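Below is one structure; the comments refer to it alone.
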Amino acid sequence: MGNPRIKNIYHEIGLAKTRNQKLIAILIDPDEIDVDGLQKLIPQISNSPATHILVGGSIVETNHIDAIVQFLKAKLSLPILLFPGHPSQISVHADGILFLSLLSGRNPDYLIEHQVNAVPLLKDTTLEIIPTAYILIESGCETAVERVSQTKPLDRNNSDYICQTALAGQYLGNKLIYLEAGSGAIQAVPLETIKKVADAISTPLLVGGGIRTQKGIQEAFEAGADLVVIGTAFEHDPHFFEHD
């Protein structure tokens, strides 16, 4: 079950926001790395500025999520949060779960059906469940999220509508707003959009996809992101956080 040392993950994220303490999450995709591969990455993760670990992906065809989560918990003291694209990606061994609703699309499976199907798996666990409005932004290519969910991302040039969607997510009671360009995105979420959304909402703002440099992380923070998610960049270069 969840790590008894890790409590009130959402509270800590909110507290960091009030203190203007910026957070970084490393996203581990089980389809891209196994436990043996993770073994080599632990030193880089431990020496990185990461404050959280996300585990999951759009597809995840492997069956070793439990093993990955348990290994990470044994080696790291960081909170391990599930980032599932499907209820089959839920592991009771994690500390919490981003309970995602894909508000940028209109596919009912990703708005509510998968969430309903996840309830029998979640209700008897100790996972901290964090309702999260997940908003996919057009990034210059078709991402895995778009293919799997069969939904279109929001127009990256229509920051007003993106902001409306984020506020709708907050009004619906979501505790986190996640602006996502998608795995392997050509372009990151526009800084203007991050700023507009950050100014409009009061909930913590997560931003990910297409961020490939330390400068990109800093720019997202300066625009208003409270937590930046790094996946592909770290996956391709384990020394990512060592570069200036």
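The values are calculated or read from the model by the stated rules, or taken from the named source; none is laboratory data. All values derive from a computational prediction rather than experimental measurement. As a convention, Cβ positions derive from the backbone with ideal geometry for all residues, glycine included, and neighbour counts pool all protein chains shown. For the accessible areas, the whole protein counts, side chains as well, though only heavy atoms, and no ligand, DNA or RNA atoms are used. Shrake-Rupley method; radii C 1.70, N 1.55, O 1.52, S 1.80 Å.
Across 149, 88, 58, the residue with the most accessible area heads the list, and the full order at a 1.4 Å probe is 88, 58, 149. Over region 1-92, the fraction of Cα-Cα pairs per 10 Å bin, rounded to whole percents and listed from the shortest bin up, is 15, 48, 31, 5. Tally up the carbon and sulfur contribution to the accessible surface of the chain as a whole percent, 1.4 Å probe, everything protein left in place. Whole-percent figure for carbon plus sulfur exposure: 51. Straight Cα distances below 16 angstrom link residue 17 to the aspartates and glutamates 199, 222, 226, with same-chain residues fewer than 8 positions distant left out.
Largest accessible area first, the residues 10, 171, 134 order themselves as 171, 10, 134 under a 1.4 Å probe with ligands, DNA and RNA left out. In a DSSP loop and with at most 13 other Cβ atoms within 10 Å, the trypsin sites (Lys or Arg not before Pro) in region 18-64 are 19. A convex hull fitted around the alpha carbon atoms of region 119-240 yields 128 Å³ per residue. Taking amide H as placed 1.01 Å from N in the peptide plane, the amide H of residue 27 sits under 5 Å from that of 54, 230, 231, each at least 5 places away or on another chain.
Which three semi-axes in whole Å describe the equivalent ellipsoid of region 6-46, each the square root of 5 times a Cα gyration tensor eigenvalue, listed largest first? If you can, show how the numbers build up before the last one.
Values: eigenvalues 155, 25, 18 Å².
Whole-Å semi-axes of the equivalent ellipsoid: 28, 11, 9.
Taking every C-alpha pair closer than 8 Å and separated by at least 6 residues, the mean separation divided by the residue count of the chain gives a relative contact order of 19 percent. By the Cα gyration tensor, region 173-244 has an equivalent ellipsoid whose semi-axes, rounded to whole angstrom, run 22, 12, 11 from largest to smallest. In square nanometres, what is the average projected area of the Cα convex hull of region 22-172? Convex hull of Cα atoms, orientation-averaged projection: 9.7 nm².
Look at the alpha carbon pairs under 8 Å that are at least 6 residues apart: their mean separation over the length of region 98-171 gives a relative contact order of 38 percent. Distance from the alpha carbon centroid of region 119-162 to that of region 38-76 works out to 21 angstrom. Taking a sphere under 9 Å around the Cβ of residue 62 and counting the other residues whose Cβ falls inside, with K and R at +1 and D and E at -1, yields a net charge of -3.
Tell me which lysines have Cα within less than 16 Å of residue 215's Cα, excluding those fewer than 8 residues away on the same chain? Answer for residue 215, where 16 Å is the Cα cut-off: 22, listed by chain and number.
Kindly provide the helix-only [θ] at 222 nm of the chain, computed as the sum of -39,500 (n - 2.57) over DSSP H runs of four or more divided by all residues, to the nearest 500 deg cm²/dmol?
One gets -10000 deg cm²/dmol as the mean residue ellipticity at 222 nm.
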